[in-house]
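Asker: Got a structure here, written out as structure tokens. Questions coming.
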Amino acid sequence: MTETKTPTRADPLNEALYGAIVASVPEAIIVATPQGDITYINAAAEALLGHPAADVVGHSITMLVPQQPGRRADPVKWLARWAAEPQPEQSRFLDLMARRRDGREMPVDVRVSAGQVGGAARFFITVRDNTSRRQEQIAFKESNLRAARILLVAEDAIISCDADQKITFFNLKAETMFGYPAEEVLGQPLTMLLPEAARPRHPQAVAAFGIGRIASRMMSDRQEVQGLRRNGDVFPIEAGITQVAVGGVLTYTAHLRDITARKAAQARLEESERRFRAMFDHAFGAIALLATDGTVLEINRSAKALTRGDEALVGKPLWDLPWLGAASVAPDDETRERLKAAIAAAGAGSPVRYVAELRDGDQVRRIDLTLTPITDETGEVRYILPEGRDMSAG
């Protein structure tokens with residue numbers, strides 16, 4: 001029976017095998033002494049760096065990886081340091097610039113380990129072109145930087161917090177809105193920006209949003225949201241919240257607007273509307289507001305008193321309202337046609353005034369009627385204001 005002999009690393013067959021593997025693998029491999037003198041490069045390294053082995057063997061590795069401006073340690077010291085502290089993912093820590101034969105510099109990922117060849121200490125170095133990764137990293141950083149700058153100077157206050165609801169981002173508008181510099185709030189609980197009464201329920205509301213399926217929503221849709229300034233002032237906020245999970249890390253981001261001025265303007269508008277309504281409805285004379293085609297938009301109590309029944313008056317042409325005595329008058333009667341013509345003239349921009357007559361039982365009521373066109377800033381007629389004074393009442 002013939003015994004099969006398993007080759008050892010000392011066997012010529014085994015050495016030839018390892019030599020063939022190193023020579024043919026697609027990974028660029030360089031062997032150097034601890035002093036940095038190159039003793040071997042494989043075909044992949046020749047192709048990557050553009051140097052034939054004969055040009056670099058015997059030369060310092062700094063020929064291929066020169067010292068970079070701004071770095072104190074030269075590449076040989078970097079290699080020695082990383083060879084002495086091997087780590088499985090070492091290449092991501094050793095990021096160097098290689099120089100090709102044509103002079104072009106190329107970012108490379110370098111992994112190094114220490115060993116021996118024939119009893120002599122050697123560094124075994126693998127080199128990878130990471131130009132694409134470097135460009136992707138630069139593009140990613142620039143994109144993030146642009147986004148951060150945009151968020152920083154955005155017109156809305158933007159605040160981000162982590163899953164524990166600790167503030168992680170606070171832009172310039174937020175600083176102005178709340179009166180805090182960013183460095184005072186970063187790492188602090190989000191509730192510091194809320195009135196005391198809102199603090200107990202807010203964390204649970206945010207956490208419930210975090211486990212929901214909706215990625216963003218307006219917080220102020222459900223109830224009024226208020227903020228607390230550094231000086232103690234409480235103010236109304238329009239707030240939208242978004243949740244984003246990246247790499248399993250949850251981040252909440254709120255976009256906030258101080259609506260103090262809006263609320264004040266709304267309150268002034270509502271008060272103005274109340275005052276107008278009080279004057280309009282309680283005016284002694286009959287007043288209405290018409291669209292330019294004669295449709296009634298508003299009508300006051302005194303004008304309603306000149307009609308019969310309780311039917312709705314708004315939305316109808318002024319001449320079709322159930323005026324006193326209208327039941328006995330044909331639809332094309334002279335009085336209505338005159339009113340249509342007057343409204344058409346006012347809609348064209350010409351004020352009209354005349355006396356109309358309404359029959360109230362046996363009594364004829366004479367109404368001094370004025371139709372005034374209401375124009376906008378461009379001079380275009382937007383509304384018609386009819387005013388009537390009962391002359392028979394005087």
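Asker: Suppose a student asked you for the relative contact order of the chain, using Cα pairs under 8 Å spaced at least 6 residues apart; what percent would you report? Mind showing how you got there, number by number?
Answerer: Numbers: 641 pairs, mean separation 30.0, N = 394.
8 percent.
Asker: With point charges of +1 on the Cβ of Lys and Arg and -1 on the Cβ of Asp and Glu, referenced to the Cα centre of segment 153-258, which listed residue (VAL244, ILE158, PRO181) lies farthest in the positive direction of the dipole?
Answerer: After comparing all options, I get VAL244.
Asker: Here's a follow-up. Evaluate the charge dipole of segment 131-190 about its Cα centre and quote only its size in Debye, nearest 20, assuming +1 on the Cβ of each Lys and Arg and -1 on the Cβ of each Asp and Glu.
Answerer: Dipole of segment 131-190, to the nearest 20 debye: 380 debye.
Asker: Moving on to the next point. If the only charges are +1 at each Lys and Arg Cβ and -1 at each Asp and Glu Cβ, what is the size of the charge dipole of the chain around the Cα centre, to the nearest 20 debye?
Answerer: With only Lys, Arg, Asp and Glu charged at Cβ, the dipole is about 940 debye.
Asker: Most fluctuating residue of ALA288, ALA278, ALA312 in a GNM of the chain with Cα springs under 10 Å: which is it?
Answerer: Answer for the Gaussian network model of the chain: ALA312.
Asker: With +1 on each Lys and Arg Cβ and -1 on each Asp and Glu Cβ, how big is the dipole of segment 12-134 about its Cα centre, in debye rounded to the nearest 20? Write down the numbers at each step before the final one.
Answerer: Details: 14 positive and 13 negative charges, 82 e Å.
Charge dipole, segment 12-134, about its Cα centre: 400 debye, nearest 20.
Asker: Moving on to the next point. Where in the chain are the DSSP H helices whose alpha-carbon span along the long axis reaches 15 Å or more and whose Kyte-Doolittle mean is at least 0.5?
Answerer: Working: long enough: 12-24 (18 Å, 0.82); 131-152 (31 Å, -0.60); 260-282 (33 Å, -1.23); 334-347 (20 Å, -0.26).
In the chain, the long hydrophobic H runs are 12-24.
Asker: Taking only Cα atoms and a 10 Å spring cutoff, compute GNM fluctuations for the chain and point out the largest among ASP95, ASP376, ASP74.
Answerer: Judging by the Gaussian network model, the answer is ASP376.
Asker: Also, I was wondering about something else. Taking Cα pairs under 8 Å and at least six residues apart, what relative contact order does segment 280-393 come out at, in percent? Spell out each step's value before the answer.
Answerer: Details: 219 pairs, mean separation 30.3, N = 114.
Result for segment 280-393 is 27 percent.
Asker: State, as an integer percentage, the relative contact order of segment 153-258 based on alpha-carbon contacts under 8 Å between residues 6 or more apart. Intermediate values should be presented prior to the final figure.
Answerer: Details: 189 pairs, mean separation 31.0, N = 106.
Dividing the mean separation by the residue count of segment 153-258 yields 29 percent.
Asker: If I histogram all Cα-Cα distances within the chain using bins 10 Å wide from 0, what percent of pairs lands in each bin?
Answerer: Percent of Cα pairs in each bin: 4, 14, 13, 8, 10, 13, 10, 6, 5, 6, 5, 3, 1, 0, 0.
Asker: Could you tell me which of ALA283, THR307, SER392 has its Cα farthest along the dipole of segment 280-393 towards the positive end, charges placed at Cβ (Lys, Arg +1; Asp, Glu -1), taken about the Cα centre?
Answerer: Final value for the positive-end residue is SER392.
Asker: Which pairs in the list LYS173/LYS263; LYS77/LYS141; LYS304/LYS340 are over 25 Å apart, alpha-carbon to alpha-carbon? Spell out each step's value before the answer.
Answerer: On the way: LYS173/LYS263 19 Å; LYS77/LYS141 29 Å; LYS304/LYS340 19 Å.
Among LYS173/LYS263; LYS77/LYS141; LYS304/LYS340, the Cα-Cα distance tops 25 Å for LYS77/LYS141.
Asker: Pick from ALA198, ALA261, ALA121: which is most flexible by mean-square fluctuation in a GNM of the chain where alpha carbon atoms under 10 Å apart are linked?
Answerer: ALA121
Values quoted throughout were computed directly from the atomic coordinates according to the rules given, and no laboratory measurement underlies them. The structure presented is a predicted model; accordingly, all values stated were derived computationally and were not measured. Glycine gets a Cβ as well: all are built from the backbone with ideal geometry, and neighbour counts include every protein chain shown.
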